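The block underneath contains the structure these notes are about, expressed in structure tokens.
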Amino acid sequence: MGFPLTFWDISLWLAVTAIILLITSELISPYYGKTNILINKKRLRNVSLIVSTLFLITVAIRIATIITSP
Amino acid sequence: MRMKIGFAQPVSIIMLTLGTIALTTSIMFISTILAFIGLGLVFWGVILLYIRPEEYTKKILLEAALSPSLATLNQMIQEFSYKGDVTYLPPKYFTDPETTKIYISKDKDTSLPTPEQVQKYENQPVARTPRGMLLTPPGIQLSRLLEKSLGTTFIRTDLKNLQQNLPKLFIENLEIAENLEIRAEDDITKSTTIYAKITKPFYADTFKEAEEPSQLTASIGDPICSAIAIAITKATGKPVRITDTKSFEDGNTIEASYEIIEE
């Protein structure tokens with residue numbers, strides 16, 4: 001019994017989630033006048049940035065793997 | 001009309017529960033699809049809980065609470081019949097540099113008091129002296145909230161920093177207004193005037209119905225204009241006067257000009 005998702009599956013999931021979060025965070029930004037939605041926009045933005053960073057880390061690991069492989 | 005996400009907590013708990021079950025099942029049966037579903041449900045359940053809003057007050061309650069205090073200030077100023085200028089005093093006038101007061105002189109063209117004279121009445125919310133009156137400005141709490149959002153006191157900033165950071169605080173952090181523009185202009189006499197344009201402030205509806213403020217009350221400013229004046233006086237370390245305030249489009253746009261007094 002092991003976790004069924006590989007590192008690259010999680011990287012893909014992070015990519016999709018990051019895109020959704022970043023677009024949502026940008027569309028409900030107060031700079032566009034959308035101030036009727038009652039959620040903590042700052043926290044949503046922070047989460048989207050963290051998920052994006054995690055995805056970029058997996059990309060960096062992938063690149064490092066390719067470079068260092070014989 | 002604002003839509004309240006009141007059902008966020010039960011939905012989040014349901015998503016977390018289903019997600020955990022899906023993840024556990026995926027480990028038992030080595031199912032990638034179930035793992036993706038479980039991971040997604042758990043993640044979005046946690047996100048829904050995390051981004052829940054802070055406590056919100058109905059706008060109508062805020063307006064009901066705000067109007068009487070401003071009306072009282074207006075009536076008080078008119079009763080005392082002070083005719084002089086309204087000046088926001090910088091921190092150097094007080095023993096506690098975080099204190100801010102406005103000085104209203106009894107007669108026109110009277111010079112400002114000395115710091116020693118002001119410090120005698122520093123701790124009183126309203127103090128009348130033979131030459132003028134010291135008053136706590138209406139924007140004091142808002143300015144403290146702005147400082148808390150900024151993470152520092154305005155004393156440690158300067159005018160340029162204020163021009164960069166105040167719009168972000170107003171629009172993004174506190175959502176006080178839809179837009180804020182601040183620009184500074186120096187004239188030939190080397191005195192600086194600052195112009196602020198506030199678009200759709202949160203209290204626009206309150207002031208549509210309020211009675212017309214007196215000249216003196218307009219010089220004190222509404223809470224937002226007052227908070228900006230406090231920020232300017234703390235950042236520059238010089239006395240500031242609100243020389244003009246204009247309201248357009250039924251209170252949806254407010255333009256204010258601030259003069260920095262050279263001592």
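Residues with beta-carbon under 13 Å from that of residue B:133, excluding residue B:133: net charge, scoring Lys, Arg +1 and Asp, Glu -1? Don't skip to the end; give the middle numbers.
On the way: positive: B:83, B:101, B:106, B:128, B:131; negative: B:79, B:85, B:107.
With Lys, Arg at +1 and Asp, Glu at -1, the net is +2.
Residue B:132's amide H: which non-local residues (gap 5+, or another chain) put their own amide H closer than 5 Å, with H modeled 1.01 Å from N in plane and none for Pro or chain starts?
Correct list: B:106.
Under the classification rounded if a/c is under 1.5, otherwise prolate if a/b is larger than b/c and oblate if not, where does region B:142-189 fall, given a ≥ b ≥ c as square roots of the Cα gyration tensor eigenvalues?
oblate
Using θ = phi - 60° and the Karplus form 6.51 cos²θ - 1.76 cosθ + 1.60, what ³J(HN,Hα) does each residue of region B:16-24 get, whole Hz, x for Gly and Pro?
So the Karplus estimates, Gly and Pro as x, are 5, 5, 4, x, 5, 4, 5, 5, 4 Hz.
Could you derive backbone 3J(HN,Hα) for region A:56-63 from the dihedral phi with the Karplus parameters 6.51, -1.76 and 1.60 (θ = phi - 60°), listing whole Hz in sequence and x where the residue is Gly or Pro?
In residue order, the calculated couplings are 5, 5, 5, 5, 4, 5, 4, 5 Hz.
Inside 10 Å of the C-beta atoms of A:38-50, what's the mean count of C-beta atoms belonging to other chains?
Partner-chain Cβ atoms within 10 Å, mean over residues of A:38-50: 4.
How high is the relative contact order of chain A? Use alpha-carbon pairs under 8 Å, at least six apart in sequence, and give a whole percent.
For chain A, the relative contact order is 40 percent.
Mind giving me the nanometre distance, one decimal, between the label points for residue B:168 and residue A:40, set 7 Å out from Cα along Cα→Cβ?
It is 2.0 nm.
Compute, for residue B:243, the solvent-accessible surface of its heavy atoms (probe 1.4 Å) with the complete set of protein chains present, and express it in square angstrom to the nearest 10.
Per-residue accessible area (residue B:243): approximately 70 Å².
No solvent, one uniform scatterer per C-alpha: report log10 I(q)/I(0) for chain A via the Debye equation at q = 0.13, 0.23, 0.25 1/Å, two decimals.
Summing over Cα pairs of chain A leads to -0.50, -0.96, -1.04.
How large is the accessible surface per residue of region B:102-156, computed with a 1.4 Å probe and reported in Å² as a whole number? Numbers along the way, then the final one.
On the way: 3090 Å² over 55 residues.
Averaged over the residues of region B:102-156, the accessible area is 56 Å².
About its Cα centre, what dipole magnitude does chain A give when the only charges are +1 on Lys and Arg Cβ and -1 on Asp and Glu Cβ, stated in debye to the nearest 20?
Around 320 debye, computed over chain A.
So how much accessible area does residue A:62 have, in Å² to the nearest 10, using a 1.4 Å probe?
120 Å²
Could you report the accessible area of residue A:31 in Å², rounded to 10, computed with a 1.4 Å probe on the protein chains as they sit in the structure?
120 Å²
Please state, to two decimals, what the Cα-based radius of gyration of the protein assembly as shown comes to when divided by 2.2 N^0.38 Å (N = residues).
Rg over 2.2 N^0.38 Å, computed on Cα atoms: 1.34.
The values are calculated or read from the model by the stated rules, or taken from the named source; none is laboratory data. Just so it is clear, the model here is predicted, and its values are computed rather than measured. When we count neighbours, we look across all protein chains shown, and the Cβ atoms used for this are built from the backbone with ideal geometry, even at glycine. Note: areas computed on protein heavy atoms with side chains; ligands, DNA, RNA excluded. Shrake-Rupley method; radii C 1.70, N 1.55, O 1.52, S 1.80 Å.
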